[in-house]
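Student: This structure is in structure tokens; I'll ask about it shortly.
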Amino acid sequence: MNFYQSQLRHTINQEIYKKPSFEVTISGKKYQGIVKSQRRLRKTLNRYMVHWIEGVDLLNNDPEFLESIGRLRRDYWSTRGDIFFQFWVLNEYKTIDTKVLKSDEKFVTEYTNANEKLIKHVRKTYALVPSWREHMPDTTVKINLENWIQEIRKWYSSSGKRYINKAKKEDLEFDVWSKKDRSRFWEIRYSMSYDKGFSIVWKDTFLQLMEHLTQHNQWWLYLAKKWSKIVSWSVVLEFQNWKEKELIYLYWATNREFWNIWWHYRLTDNIMKRWAHSWYVLYDLLWVAPPWNDKHYLSWVTRFKQAFWGKTILSHGNYDLVFNSMLYRTMQMLKK
């Protein structure tokens, strides 16, 4: 079981985000999906999204997956407002030490060529279009928490160590959230997201999410403060992945007033110090830019997350099953 197909994620989508959901069978496995609707061109345009599909063989001809695509095309092509059905395929292409990835130019070239070959094959065999979504890139970073923090810190990049040491010179204190601060959390995130052009949920929705997670004891919100003001915060989620427990770096935000003191490096190091060599196996920092794309909009986030080295995991990524090609192309142009 993965996070995006867990009951927790399904409950969040249904009860907090109020997103229409559905269940679908793909290659013999049942998956939860969500429907996103937009009003464009005087039409209500629907997107059917199923994230984290496992066990699909995109590299070869997978008859079960091919049959599933044919069935989905028949079942969901119901109106001209249905634009596409999006898959996000979890299958790992490669897991590699971030330190090796950063220094091995040959690997990046080989992976880029292999990825182009995969895309051509998927287009020809399954008639799927490669796509990209800001919340579902095809590359992630995970940190092993099974060692003591002293051992984990040895693997930090030189820049990561430098930023953490700079932040240590500041008068920072660390804390876990309290209810009286929760409106301030959203305001800081809103300010940061607005500056960077990120999307963000409404304040009431965000507060409902925090309340839901608090009631189920499945999360922590860690704070870094300076002069009793919130400098940065991280929402860390607990997730049971099969027999192992993971921490997931779900949300974060920074106070623009204190932008230059490398707060978040120190906060992340403090979180790992707290949970290293405990009952958590991994700290999943989630999405980063693909290794070949220095101009990707997540590049600045990538520099931060890869400063802690860990493992970089490359997957097969996003693909769209297009129902209405004209509307699909129009939407892509409007998005650009």
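Student: Considering only residues that are in contact with a Ser or Thr (Cβ under 6 Å, 6 or more places away or on another chain) and either modelled with pLDDT under 80 or surrounded by fewer than 19 Cβ atoms within 10 Å (Cβ to Cβ) (or both), which ones fall in segment 184-223?
Tutor: Result: Met192, Ile200.
Student: Out of all the residues in segment 288-295, is one or more touching a residue at least 12 places away in the same chain (Cβ under 8 Å), farther than 17 Å from Lys142 by Cα and not polar (S, T, N, Q)?
Tutor: yes
Student: Within segment 1-39, can you find the residues that are of a type in the set (Phe, Trp, Tyr), under 23 Å from Tyr249 (Cβ atoms) and not in a loop (DSSP other than H, G, I, E, B)?
Tutor: The answer is Phe3, Tyr4.
To keep it simple, each residue is scored yes or no on (1) hydroxyl-bearing (Ser, Thr, Tyr); (2) modelled with pLDDT under 90; (3) assigned to a helix (DSSP H, G or I).
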residue: Thr112; (1), (2), (3): yes, yes, yes
residue: Pro130; (1), (2), (3): no, yes, no
residue: Ile143; (1), (2), (3): no, no, no
residue: Glu151; (1), (2), (3): no, no, yes
residue: Glu170; (1), (2), (3): no, yes, no
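Student: Take the conditions in contact with a Ser or Thr (Cβ under 9 Å, 6 or more places away or on another chain), modelled with pLDDT of 85 or more and under 30 Å from Arg42 (Cβ atoms) and apply them to Asp320. Does it pass?
Tutor: Criteria met by Asp320.
Student: Please go through segment 224-263 and give me each residue that is touching a residue at least 40 places away in the same chain (Cβ under 8 Å) and assigned to a helix (DSSP H, G or I), ordered by number.
Tutor: Once the filter is applied, which keeps residues that are touching a residue at least 40 places away in the same chain (Cβ under 8 Å) and assigned to a helix (DSSP H, G or I), segment 224-263 yields Arg256, Trp263.
Student: Something else now. Go through segment 264-296 residue by residue and tally those that are assigned to a loop (DSSP other than H, G, I, E, B) and in contact with a Gly (Cβ under 8 Å, 6 or more places away or on another chain).
Tutor: Of the residues in segment 264-296, 0 are assigned to a loop (DSSP other than H, G, I, E, B) and in contact with a Gly (Cβ under 8 Å, 6 or more places away or on another chain).
The values are calculated or read from the model by the stated rules, or taken from the named source; none is laboratory data. Given the structure is predicted, the values throughout are model-derived calculations rather than measurements. For neighbour counting, all protein chains shown are included, and Cβ atoms are generated from backbone atoms with ideal geometry for every residue, glycine included.
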